[in-house]
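Colleague: Handing you this structure, nothing more for now.
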Amino acid sequence: MDISKASALVTGGAGGLGEATVRQLAKAGTAVVIADLNDERGKELETELGGSVRYVRTDVLDDDSVNAALAVANELAPLRIVVNAHGGGAGASRVVGRDGEPASFEQFQWYVNLFLNGTFNVLRLGAAAMARNEADDSGRGVIVNTASIAAFEGQIGQTAYSAAKGGVVGLTLPAARDLTKLGIRVMAIAPGTFFTPAFQMEREEAEKHWGSTVPFPNRMGSPSEYAALVQHIAENDYLNGEVIRIDGALRFQPK
């Protein structure tokens, strides 16, 4: 795919992995819509990057909101790339806590709603928007979802997060198969421990705790490394229906 002649929508594009992806794609000449709920940061990033970069306030669980952002992307250039990189956190809890109380069902639903349902909602609406565009030699485009290595080795307290991310892994191949006749690829990236603003601490402090557990490179991942993988997936037409781990050979231990 020639991504310089395409537009992309990036959920969670105002921070962390999403922001790095916006920067990577914009640098490569792609028109990009920053789809996020952080108005202040989204507008700052739009102003900083300029060109064909737009911020559109987007709730991944609201059809009208997502469709409006997709429409803006299509106005900039044919929509060929959708990246689901939105995030958030509602804490961790064991199935049964030390106090004997069961885990919060509301917390479990929150994670599944945001990470799995939100991802599928953007996937289905994004694919429908792509399907209305003319295909080129590379088909109509690619959708890249974000899973996590917690989908495979969830730690103590991560049942909700791991279940949601496991769902993202599970939908990758069947979604790719569903969309073959439309010429739309579906991929997923499963990051390990990446340093983002979500840690709310200095990188040096985070590295001492999390980076030391990564075999090689013996450090946390950088969002730019995730973003570089997104670009490669977009440009490599033969990548389809697969989940790629990017984790420095890390395998989560129970805690």
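Bear in mind that the values in this text are calculations on the coordinates, not laboratory data. Model, not experiment: these values are computed from the prediction. Cβ atoms come from the backbone with ideal geometry, glycine included; neighbour counts cover every protein chain shown.
Colleague: Between Asp2 and Phe216, what FRET efficiency follows from the Cβ-Cβ distance if R0 is 41 Å, with the result rounded to 0.05? Could you put the intermediate results ahead of the total?
Modeller: Numbers: r = 34 Å, r/R0 = 0.83.
Efficiency computed from Cβ-Cβ geometry: 0.75.
Colleague: Continuing with this model, one more query. Sort the following peptides by mean Cβ neighbour count (other Cβ atoms within 10 Å, averaged over residues), highest first: 93-102, 21-30, 36-45.
Modeller: On the way: 93-102: 10.1, 21-30: 22.0, 36-45: 17.2.
Answer by packing, highest mean first, reads 21-30, 36-45, 93-102.
Colleague: If you find the alpha carbon centre of region 88-116 and of region 225-255, how far apart are they in angstrom?
Modeller: Value for the Cα centre distance between the two parts: 26 Å.
Colleague: When only Cα pairs under 8 Å and 6 or more residues apart are kept, what is the percent relative contact order across region 3-246? If you can, show how the numbers build up before the last one.
Modeller: Details: 478 pairs, mean separation 48.4, N = 244.
Computed over region 3-246, the figure is 20 percent.
Colleague: A follow-up question, please. Tally Lys/Arg at +1 and Asp/Glu at -1 over every other residue whose Cβ is under 15 Å from the Cβ of Leu179; what's the total?
Modeller: Charge balance near Leu179 sits at +4.
Colleague: Sort region 1-45 into rounded, prolate or oblate with this rule: let a ≥ b ≥ c be the square roots of the eigenvalues of the Cα gyration tensor; rounded if a/c is under 1.5, and if a/c is not under 1.5, prolate when a/b is larger than b/c, oblate otherwise. Walk me through the numbers on the way to the answer.
Modeller: On the way: a/c = 2.30, a/b = 2.15, b/c = 1.07.
Prolate shape, in that a/c is at least 1.5 and a/b is the bigger ratio.
Colleague: Can I ask one more? Test of understanding: what is the full-extension gain from Asp39 to Glu134, defined as 0.36 nm times their sequence separation minus their Cα-Cα distance?
Modeller: Going from the current span to full extension adds 31.0 nm.
Colleague: I want the antiparallel fraction of DSSP beta bridges within the chain, as a percent rounded to 5. The partial results should precede the final answer.
Modeller: Values: 2 of 32 bridges.
In the chain, approximately 5 percent of DSSP beta bridges are antiparallel ones.
Colleague: Between beta-carbons, use under 10 Å as the cut-off and find the net charge around Phe194, counting Lys and Arg +1, Asp and Glu -1. Write down the numbers at each step before the final one.
Modeller: Numbers: positive: none; negative: Glu225, Asp247.
With Lys, Arg at +1 and Asp, Glu at -1, the neighbours total -2.
Colleague: Could you rank the peptides 226-239, 203-216 by their average count of other C-beta atoms within 10 Å per residue, with the highest value first? If you can, show how the numbers build up before the last one.
Modeller: Working: 226-239: 17.7, 203-216: 13.1.
Most protected by this proxy first, the peptides run 226-239, 203-216.
Colleague: Once you keep just the Cα pairs under 8 angstrom separated by 6 or more residues, what percentage relative contact order results for region 150-212? Write out the running numbers ahead of the final one.
Modeller: Working: 33 pairs, mean separation 13.4, N = 63.
For region 150-212, the relative contact order is 21 percent.
Colleague: To continue, here is another question. Given region 155-255, report the % of alpha carbon pairs whose separation exceeds 22 Å. Display every interim value, and only then the final one.
Modeller: On the way: 2029 of 5050 pairs.
Across region 155-255, Cα pairs with separations above 22 Å total 40 percent.
Colleague: Assuming 0.36 nm per residue, please report the length gained on full extension of the stretch Arg251 to Glu101 beyond their Cα-Cα distance.
Modeller: On the way: separation 150, 0.36 × 150 = 54.00 nm, distance 2.93 nm.
Gain in length upon complete extension: 51.1 nm.
Colleague: Right, something else. Order of 117-128, 8-19 by packing, highest average Cβ count within 10 Å first? Let's see the in-between values first.
Modeller: On the way: 117-128: 20.1, 8-19: 28.0.
Averaged packing, sorted descending, gives the order 8-19, 117-128.
Colleague: Counting Lys and Arg as +1 and Asp and Glu as -1, what is the net charge of the other residues whose Cβ lies under 14 Å from the Cβ of Glu40?
Modeller: Computed value for this residue: -3.
Colleague: Could you size up the charge dipole of region 3-246 around its Cα centre, putting +1 on the beta carbon of Lys and Arg and -1 on that of Asp and Glu, and report it in debye to the nearest 20?
Modeller: Numbers: 21 positive and 28 negative charges, 110 e Å.
Magnitude of the dipole: close to 520 debye.
Colleague: How would you classify region 1-86 from its alpha-carbon gyration tensor, with a ≥ b ≥ c the square roots of the eigenvalues: rounded for a/c under 1.5, else prolate if a/b is greater than b/c, otherwise oblate? Display every interim value, and only then the final one.
Modeller: Numbers: a/c = 1.55, a/b = 1.16, b/c = 1.34.
Verdict is oblate for region 1-86.
Colleague: Please tell me which of these pairs span more than 32 angstrom C-alpha to C-alpha: Lys5/Lys208; Lys165/Lys208; Lys27/Lys255; Lys43/Lys255? Numbers along the way, then the final one.
Modeller: Working: Lys5/Lys208 42 Å; Lys165/Lys208 26 Å; Lys27/Lys255 38 Å; Lys43/Lys255 38 Å.
Over 32 Å apart, Cα to Cα: Lys5/Lys208; Lys27/Lys255; Lys43/Lys255.
Colleague: Separate question: Would you work out the relative contact order for region 1-147, in percent, from Cα pairs under 8 angstrom that are 6 or more residues apart? Could the numbers behind the result be given before it?
Modeller: Working: 256 pairs, mean separation 37.7, N = 147.
It rounds to 26 percent for region 1-147.
Colleague: So for the pair Arg94, Lys181, with labels modelled 7 Å out along Cα→Cβ, what separation do we get in nm?
Modeller: My value for the distance between the label points is 5.1 nm.
Colleague: Going by how many other beta carbons lie within 10 Å of each one, how would you line up Thr196, Thr58, fewest first?
Modeller: By the 10 Å Cβ count, ascending: Thr196, Thr58.
Colleague: Considering only Gly89, Tyr238, Ala198, whose Cα is most displaced toward the positive end of the charge dipole of region 3-246, charges sitting on Cβ of Lys, Arg (+1) and Asp, Glu (-1)?
Modeller: Tyr238
Colleague: Would you calculate, for the chain, the mean residue ellipticity at 222 nm contributed by helices, counting each DSSP H stretch of 4 or more residues as -39,500 (n - 2.57) and dividing by all residues, to the nearest 500?
Modeller: Numbers: 9 runs with 102 residues, N = 255.
Computed mean residue ellipticity for the chain: -12000 deg cm²/dmol.
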